[in-house]
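Below is one structure, written out as structure tokens; comments come after it.
The values are calculated or read from the model by the stated rules, or taken from the named source; none is laboratory data. As the structure is a computational prediction, the values presented were derived from the model and not from experiment. Using ideal geometry, Cβ is built from the backbone for each residue, glycine included, and neighbour counts are taken over all protein chains shown. To get the accessible areas, we keep the full protein, side chains included, count just its heavy atoms, and leave off ligands, DNA and RNA. Shrake-Rupley method; radii C 1.70, N 1.55, O 1.52, S 1.80 Å.
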Amino acid sequence: MFGSIFYNLWGALIAFSIYFFMTLQQPLTPLRIIIGSFVVAIIVFFVMYIVRFIIAYVLFTPNADQSLTDSGLEDNSSTHIGEESEETSSTSSTVEFQDESTEDIAQVVRTMMNREDEQQVNA
């Protein structure tokens, strides 16, 4: 769900205040105004759960893997398996290449630092 329970509390407080100040100008008893304000606040408190759920539903973005399995595209599993294996192999080779390049870079830096240390010792 979007947000926290504080959104519900803020909504209830705002609804209580608006109802209270709108009915304060009418010729009603103070007890009726306060009870009505609390009733409106409680109703808005529970309505905010629905509002938060709708906001979370609108903002929800599913993962790509879930959208493939949920949409029923599993019928062409033989073609998807071939495509997915090509995609994963290219992705894994890129990741492996990145890992290797960082190791190579680290080795080059170590070698350069060792050379500088040797030059300082010899000088």
Checklist entry - Quick one: would you say Gln66 is in a loop (DSSP other than H, G, I, E, B) and modelled with pLDDT under 95? => result no
Checklist entry - Is at least one residue of region 72-93 open to solvent by less than 70 Å² (accessible area, probe 1.4 Å) and modelled with pLDDT of 85 or more? => result no
Next on the checklist: Six or more apart or on different chains, Cβ atoms under 9 Å: show the pairs whose first residue is in region 15-27 and farther than 17 Å from Ile42 by Cβ and whose second is open to solvent by less than 100 Å² (accessible area, probe 1.4 Å).
Outcome noted: Leu24/Pro30; Leu24/Ile33; Gln26/Ile33
